[in-house]
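Just below is one structure, and these are the notes that go with it.
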Amino acid sequence: MILMSDVFENVMDLAKRRGFIWQTSECYGAVAGFIDYGPLGAMMKRRIEDIWRNFYVIEEGYYEIECPTIAQEAVFIASGHVKGFSDKMCQCPHCKEYLRADHVADGGGISGASTMTNEALAAAIAACKCPACEEVLGTVEVYNFNLMFATTIGPGSQRIGYLRPETAQGMFVDFARLLRFYRDTLPFGAVQIGKSYRNEISPRQGMIRLREFTQAEAEIFVHPDKKTHPKFARYADYTMPLLTYVHQQNGEEAVTMSMRVAVDKGVIANEYVAYYVALTHDLLVTIGVKPDRLRFRQHLPDERAHYATDCWDAEVFSQRFGWVETVGIADRTDYDLNAHAKQSGTPMTVFIQYTEPRKENRRRIIPNMSVLGKQYRQKAKAVFAALEHATPTADGADVVVDGETIHIPANLFEVRDEVVDIRGEEIVPHVIEPSYGIDRMCYAVLEQAYDEDTVDGEKRTVLRFSPRVAPVQVAVFPLMTRDGLDTIADEITHTLKRKGILAEYDDSGAIGRRYRRQDEIGTPFAITVDYETKETRTVTVRDRDSMKQVRIGIDTLPQTISALVNGDMKFTSLPAHQNL
RNA sequence: GCGCCGAUAGUGUAGUGGUUAUCACUAGGCGUUGCCAACGCCUAAACCCGGGUUCGAGUCCCGGUCGGCGCACCA
C-alpha cells in the first residue's frame, strides 16, 4: 500500500501515543531494555498469550505451570548458565575493544585460562597482543560478565539466587512431580508463560531485545527412540518454506515442502520438531503474521547449542530489522534432565515397561553377613560390595579391597543362578522445546498490522489487527447525543460487556472522528445507533478494514459480535451489505 | 561498553545568548452537526537531568540518562 518512510517509528509513535507500549518509569528517566505495556498493549499481549494457550494447553493438552522468576544458584549451575552465561572479559587499553580474556589467552598459547582466577588471567595475558589492534595489552583488568541478574535470598544471607534467564528450567526441576501428575507416561509436556531476565550488554531495537521479557515455552518430554508425534497427521501435509543450514551455506533460497516430506528427507530431525514447526507457523499466522513475512530457518551446526540435535527458528520479517528470530524450536535431547539429575542427586527417569518381560539369567552372590561382618568389621561393607562382582571358583572368591586381596572361602557365601523377569527399563526422556518470544510477537503484530490508506483525500491510519488480538473488540456510538440515541448506545454497550466483549462507548466529536480513533487502535467493528434504531431496533455494524456497514437487529448483536470477534464468522458473510 | 548523531506541550515542530517560547494536530468543555478526522468559541499542555561559562542559557561548554545508527556482545 502506502510506502511508509519508517514503519518502526510510525508504529512505536502510535504505540506510545495510544497506550500500547512505552518506556518504563519515564518520570525518572527511562532504563534501556525495559518497557511498559500500556492499557491497550497489555490487553493485546494477553490476547496473544491466550491464543498461545489455546494451541498448547487446550489443544495439545500440556498444562501450564507457574514457577518463581528467582531460583537458587544450584539450578543454574546445573543448567550451565552460571558458567556458560558468564564470560571473562577485558578491555584493550589501546583501542578500547572489549575482548574475551580467555580467547586472548588461547590465542597467545596460554592454556588453562578457564581455571585461572581473574587476577592470574590478567597477569598471564599482559604479554599477549590485542587481536583487534595488535598492540601488547599490558596491564588489564579481567572481570566476569554474567548475563544473569544476581541477587541474594533471605536477610543478610549469602545464599545466591538468580533471576531466571529462561522459563525452561522450572519445568525441568519439576520433572519428577510432573511425571507423577501425568501418571508416569510419556509423552507429556508442561508449559509456562512468564518473565525472564537477561542483563544484555546493549539492549537495542525498541522492544526486540529487552532485559526483562516474556517467554512462552513448552517442554515436551518424549521417549528418545519414539520421536513420532501421535498427532502428526494434523500437520503432515502442512507446507511452508524451509531454509535449511545447507541452503544457507550454499547461499540458496528456502524450499517449500510439506512436513511429511521434510521428515522423510531428513531435513527436519524428527516428527516432533516438524510438528511444532508447523504448529508455530499456524499460530503465528493466527495472531496476524503474514505468511510471506514468515520463514523457518535451521540453525547452522556451529550455531546450535552443544546439546541440541536440531533447532529451527521462526523468523518474522520486519521492515526495520530484517528477519527477527521470534520462536526457537529445539530438540534439547536429555541434556537438561541429566544435568539436573547429576546436580541434585534426584533421578529424572521414566520407567518404561516392556510389552513382554525379558527373561534374563542372573547370578547373585549372597554373602553370609553374620560371619563376614564380624570378621571384617569396618571393611565389611566394601567386602560385600566387591563380592557381588566377584568371579567365584570352587574354593571361594578373591576380592580386592583397598588394594588388598582378600580370599573369601566358599562356605561364607552362596551363589544363586536364577532366571529373572526384566519388566522394563529406566530411560531419560528427550525434551522438545518450542520457545516463543512474546514481546517480539507483539511487535510483529503491531508492525504488520500498521497501515495507512487514503479516504476522501485524507490519510487514515489503521491497525489491521486480527479481531482475535484487537484490544478493544467493538466500539458503540450514538449518531447524536440527543433524542435518546445515547441511552440506547449505552445500553447496548453494557449488554455486550456482560457477554464478556470489550466494548467501548464514545460520543465525543463527529462520527467520522470516532471511527478514525478506533481505526487507529485497531478496533475491528463499530456499532452506530441512529434514528432508524428507534423505529426498527436495528443498528449499523461497520467493518474497520472495508469501512462497509450492515444493518442488524439489536437483539442479535451479542452473538454476532462474538462470532465476528472470535473468528467464527466473517464480516462479509453477514447479510444485506449496504453503503450508507 | 566505544564511535557518530539526536532530545522543546500527548504527537510533529519553530526558535544562531536578551520581553510572557512559535505553529499545527491531538485532548478536554460548550455550542453546532442525520454516518467516516466538518465548523465556532473556550481551556489544558513543553525546553531530558546535573554542573559550568555569562549580567542573562532552550540556545555555548562538560558530564550523565535515554533514543537511533555503526562496531563489539548476543550460552
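The values are calculated or read from the model by the stated rules, or taken from the named source; none is laboratory data. Remember, it's a predicted structure, so these values are computed and weren't measured experimentally. Cβ: placed from backbone, ideal geometry, glycine included. Neighbour counts: every protein chain shown. Each accessible area value is taken on the protein alone, full model and side chains, heavy atoms only, with ligands, DNA and RNA left out. Shrake-Rupley method; radii C 1.70, N 1.55, O 1.52, S 1.80 Å.
In sequence order, segment A:391-406 has phi-based couplings of 10, x, 10, 4, 9, x, 9, 9, 10, 10, 10, 6, x, 9, 7, 10 Hz under the Karplus curve 6.51 cos²θ - 1.76 cosθ + 1.60, θ = phi - 60°, and Gly or Pro positions carry x. Using a probe of 1.4 angstrom and keeping all protein chains present, the accessible surface of segment A:214-313 works out to 41 square angstrom per residue. Calculated FRET efficiency, A:Arg183 to A:Asn338, Cβ-Cβ distance, R0 = 22 Å: about 0.40 to the nearest 0.05.
Relative to the longest principal axis of the C-alpha atoms of chain A, give the angle of the C-alpha long axis of helix A:438-449, reported between 0 and 90° and rounded to the nearest 10°. In chain A, helix A:438-449 runs at an angle near 30 degrees to the longest axis. Mean projected area of the Cα convex hull of segment A:363-502, taken over all directions, amounts to 22.2 nm². For chain A, the carbon plus sulfur part of the accessible surface works out to 49%, probe radius 1.4 Å.
In the structure displayed, which of A:Lys227/A:Lys290; A:Lys497/A:Lys570; A:Lys83/A:Lys227; A:Lys16/A:Lys499 lie more than 26 Å apart, Cα to Cα? The partial results should precede the final answer.
Numbers: A:Lys227/A:Lys290 30 Å; A:Lys497/A:Lys570 21 Å; A:Lys83/A:Lys227 31 Å; A:Lys16/A:Lys499 30 Å.
Checking Cα-Cα distances, A:Lys227/A:Lys290; A:Lys83/A:Lys227; A:Lys16/A:Lys499 exceed 26 Å.
Rounded to the nearest 500, what is the 222 nm mean residue ellipticity of chain A from helices alone, with -39500 (n - 2.57) per DSSP H run of 4+ residues and division by all residues?
Mean residue ellipticity, 222 nm, calculated: -8500 deg cm²/dmol.
Based on Cα coordinates alone, diagonalise the gyration tensor for segment A:233-381, multiply each eigenvalue by 5, take square roots, and list the semi-axes in whole Å, largest first.
On the way: eigenvalues 510, 72, 40 Å².
Ellipsoid semi-axes (Å, largest first): 50, 19, 14.
Once divided by 2.2 N^0.38 Å, the Cα radius of gyration of chain A becomes 1.29. Relative to the longest principal axis of the Cα atoms of chain A, the long axis of helix A:271-287 makes an angle of roughly 20 degrees.
Is the shape of segment A:441-504 best called rounded, prolate or oblate, per the rule: a/c under 1.5 gives rounded, else a/b larger than b/c gives prolate, else oblate, with a ≥ b ≥ c the square roots of the Cα gyration tensor eigenvalues?
Working: a/c = 5.19, a/b = 1.45, b/c = 3.58.
Judged from the Cα gyration tensor, segment A:441-504 comes out oblate (a/c at least 1.5, b/c at or above a/b).
Based on alpha-carbon atoms only, what is the radius of gyration of segment A:472-578 relative to the globular estimate 2.2 N^0.38 Å?
Numbers: Rg = 12.4 Å, N = 107, 2.2 N^0.38 = 13.0 Å.
Here the answer is 0.95, to two decimals.
The phi torsions of segment A:19-33, fed into the Karplus equation with coefficients 6.51, -1.76 and 1.60 and a -60° offset, translate into couplings of x, 8, 9, 8, 6, 6, 6, 4, 5, 9, x, 5, 10, 5, x Hz, rounded to whole numbers, with Gly and Pro shown as x. The relative contact order of segment A:472-578, computed from alpha carbon pairs under 8 Å that lie at least 6 residues apart in sequence, is 26 percent. Around the amide H of A:Met257, modelled in the peptide plane, lie the amide H atoms of A:Met240, A:Leu242, all under 5 Å away and 5 or more residues distant in sequence or on another chain. Each part reduced to its alpha carbon centroid, segment A:321-360 and segment A:379-427 end up 34 Å apart.
Using all pairs of distinct alpha-carbon atoms, the Kirkwood hydrodynamic radius of segment A:1-63 works out to 13.9 angstrom.
Translational diffusion of segment A:356-426 was estimated from the Stokes-Einstein equation, with Rh taken as the Kirkwood radius over Cα pairs; at 25 °C and 0.890 mPa s the coefficient is 184 µm²/s.
Listed peptides A:323-331, A:64-72 appear in the order A:323-331, A:64-72 once ranked by packing, highest mean of other Cβ atoms within 10 Å at the front.
Hey, can you find the accessible area per residue of segment A:479-571 for me, probe 1.4 Å, expressed in square angstrom?
On the way: 4390 Å² over 93 residues.
I get 47 Å² per residue for this part.
Relative to the longest principal axis of the Cα atoms of chain A, the long axis of helix A:335-344 makes an angle of roughly 60 degrees.
So what is the accessible area of segment A:378-444 per residue, in Å², with the probe set to 1.4 Å?
Values: 3430 Å² over 67 residues.
For segment A:378-444, the per-residue accessible area is 51 Å².
Here the Debye sum runs over all C-alpha atoms of segment A:170-307 as equal scatterers in vacuum, and log10 of I(q)/I(0) at q = 0.15 Å⁻¹ comes out as -1.01.
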